[in-house]
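Chemist: Here it is: the structure, laid out below.
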Amino acid sequence: MQITFSPPYIDEDIINEVKDTLSSGWLTTGSKVAALEKEVARYCNVEKALGVNSATSALMLVMHWFGITKGDEVIIPAYTYCATALAVMHTGATPVMADVSEDFNINPKKIKQAITKKTKAIIGVDFGGWPCDYDAFYSIVNEADVKNKFHPTNEEQRTLGRILVLADAAHSLGAVYKNKVVGSVADITVFSFHAVKNATTAEGGVICFNMPAPFVNEQIYKTLKLWSMNGQTKDAFTKSKNGGWKYDIVYPGFKINMPDVLAAIGVAQMKKYNKVIQAERIRIFKYYNICFKKCDWAITPNFKKDNCLSACHLYPLRIKSINEEQRDKIIDYIAEKNIAVNVHFIPLPMLTIFKNAGYSISDYPQSYKQYANEISLPIYPQLTNEQCRQVVEVVIKAVNFVIHHER
């Protein structure tokens, strides 16, 4: 039996929600997007959330709003998907990479070392669904010497008076950081609703606003919503109403809005996220942890610790004392048994675009160490306990075969 890696969760409720949109006569941004925004805002305990066409676009939009541009620097982990860095580059700014800790997340000590007078934001990436140490981030950006380095160049930066704490929470919808749901922890949080994420809209992203006073989060939402639709004062849905055709363009915005036909998938998924989608992911995560903790070669990922809880987006299993070549042989063995696994991620400095820009993996030893022995196992609601058992058995056999040459 073939066990795939990460199929989307689609049931009759989701299909019916999409059918409802298709039969409504309205496909682009409208009532379904508004419903999804409300569901995510409620779930994350924030006042407003904005739906756009991807998490990458969402990061770019937020940084643009904060005035991040050419000559600025944004600190990111060296161990993340390329989109985190590319979003920074598309604003004209420079991504400054920092090494990670054993939990795959950016190391706060490395953040402190990377801050310069050009630093405008820190993007924490909640790897695999495990939240970053946001208290450490805030402690750093509020230190007197760090605030003295901060040179604001627009009204938003002057109002905040410090480096922006931005969460790339592409993996962490449903995660908890010190008893607070992710989305309500960082200044601004960006979720991905891509097809392989815990909740999906096929393609999409959602921004949660949590800026401190005197910022008004509802006003930031309105501004970014307008900017996400070409700076147009009326969306297409409003314009379609009788007599509502007249509009204005008040800002050179972007075209990154989310359509209703995609938002419908997310609306249906959010309605059963905790009780079905997330609950099943937790079941599988716990099953793997119980099984692999019996193996002296296994380094299992964090699930619950210090009032933090993983969203269980990935199951990044690490294997002690192996190198990259051995890891790849283990993956090949598993693939021969018709089980799909993955690696998250190739560290940024190992990718051509960043190598050509002067980044070197030798500067990020922990990132390489994590990557070289990591294998991401299948984790999704449709995976049965019997299939989980097969995954565990094959992984153990693969490790024994490669390390000990045992069949």
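Chemist: Which ³J(HN,Hα) values in Hz, rounded to whole numbers, follow from the phi angles of region 127-133 under the Karplus curve 6.51 cos²θ - 1.76 cosθ + 1.60, where θ = phi - 60° and Gly and Pro get x?
Modeler: For region 127-133, the Karplus-derived couplings read 4, x, x, 8, x, 5, 8 Hz, x marking Gly and Pro.
Chemist: Follow-up. Could you check how much of the accessible area of the chain is carbon and sulfur, as a whole percent, using a 1.4 Å probe?
Modeler: Values: 9040 of 17370 Å².
Accessible surface attributable to carbon and sulfur in the chain totals 52 percent.
Chemist: Relative contact order for the chain: what percent, with Cα pairs under 8 Å and sequence separation of 6 or more?
Modeler: Working: 831 pairs, mean separation 89.6, N = 407.
Value for the chain: 22 percent.
Chemist: Helix 31-44 against the longest principal axis of the chain: what's the angle in degrees, Cα atoms only, rounded to the nearest 10?
Modeler: Once rounded, one gets 60 degrees.
Chemist: For a quick check, take a GNM of the chain with Cα springs below 10 Å and name the residue from 17, 325, 37 with the largest mean-square fluctuation.
Modeler: Of the options given, 325 has the highest mean-square fluctuation.
Chemist: What's the angle, to the nearest 10 degrees (0 to 90), between helix 324-336's Cα axis and the longest principal axis of the chain?
Modeler: Once rounded, the angle reads 90 degrees.
Chemist: Can you work out the accessible area per residue across the chain, with the rest of the protein chains kept in place, probe 1.4 Å, in square angstrom? Spell out each step's value before the answer.
Modeler: Details: 17370 Å² over 407 residues.
Heavy-atom SASA per residue in the chain reads 43 Å².
Chemist: Just to make sure I understand: if all protein chains stay in place, what is the order of 374, 12 by accessible area at 1.4 Å, largest first? Write out the running numbers ahead of the final one.
Modeler: Details: 374 0, 12 115 Å².
Ranked from most to least accessible, the order is 12, 374.
Chemist: Keeping all protein chains in place and using 1.4 angstrom, which order do 254, 345 fall into by accessible surface area, from largest down? Let's see the in-between values first.
Modeler: Values: 254 70, 345 30 Å².
Greatest to least solvent exposure: 254, 345.
Chemist: Quick one: order 26, 227 from most to least accessible surface, probe 1.4 Å. Display every interim value, and only then the final one.
Modeler: Details: 26 55, 227 35 Å².
If we order 26, 227 from most to least accessible, we get 26, 227.
Chemist: Continuing with the same structure: Tally Lys/Arg at +1 and Asp/Glu at -1 over every other residue whose Cβ is under 15 Å from the Cβ of residue 299; what's the total? Walk me through the intermediate numbers first.
Modeler: Working: positive: 293, 294, 305, 318, 320, 327, 369; negative: 102, 103, 296, 374.
Net of charged neighbours comes to +3.
Chemist: A further question on this structure: Can you tell me the 0 to 90 degree angle between the C-alpha axis of helix 260-271 and the longest principal axis of the chain, rounded to 10?
Modeler: Its long axis makes an angle of about 60 degrees.
Chemist: Report the net charge of residues surrounding residue 117, where surrounding means a beta-carbon distance below 11 angstrom and charges are Lys +1, Arg +1, Asp -1, Glu -1. Could you put the intermediate results ahead of the total?
Modeler: Working: positive: 118, 120, 149; negative: 72, 73.
After counting each charged neighbour, the total is +1.
Chemist: Need the full-extension length gain, residue 19 to residue 196, defined as separation in residues times 0.36 nm minus the C-alpha distance. One decimal, nm. Display every interim value, and only then the final one.
Modeler: Values: separation 177, 0.36 × 177 = 63.72 nm, distance 2.15 nm.
Full-extension gain reported as 61.6 nm.
Chemist: Can you give the accessible area of residue 350, probe radius 1.4 Å, in Å² rounded to 10?
Modeler: Using a 1.4 Å probe on the heavy atoms, I get roughly 50 Å².
Chemist: Now a separate question. Determine the alpha carbon to alpha carbon distance for each of 275/369; 286/320; 38/110 and list only those over 32 Å.
Modeler: On the way: 275/369 36 Å; 286/320 20 Å; 38/110 36 Å.
Flagged as over cut-off: 275/369; 38/110.
Chemist: Which length gain, in nm to one decimal place, applies between residue 324 and residue 145 when the Cα-Cα distance is subtracted from 0.36 nm times their residue separation?
Modeler: 60.4 nm
Chemist: To continue, here is another question. What distance in nm separates the simple spin-label points at residue 179 and residue 297, each placed 7 Å from Cα in the Cβ direction?
Modeler: So the two model labels end up 4.2 nm from each other.
The values are calculated or read from the model by the stated rules, or taken from the named source; none is laboratory data. The model shown is predicted, which means the values in this text are computed figures rather than measured ones. All Cβ positions, even for glycine, are placed from backbone atoms using ideal geometry, and neighbour counts span all protein chains on display. Heavy atoms of the whole protein, side chains included, go into the accessibility calculation; ligands, DNA and RNA do not. Shrake-Rupley method; radii C 1.70, N 1.55, O 1.52, S 1.80 Å.
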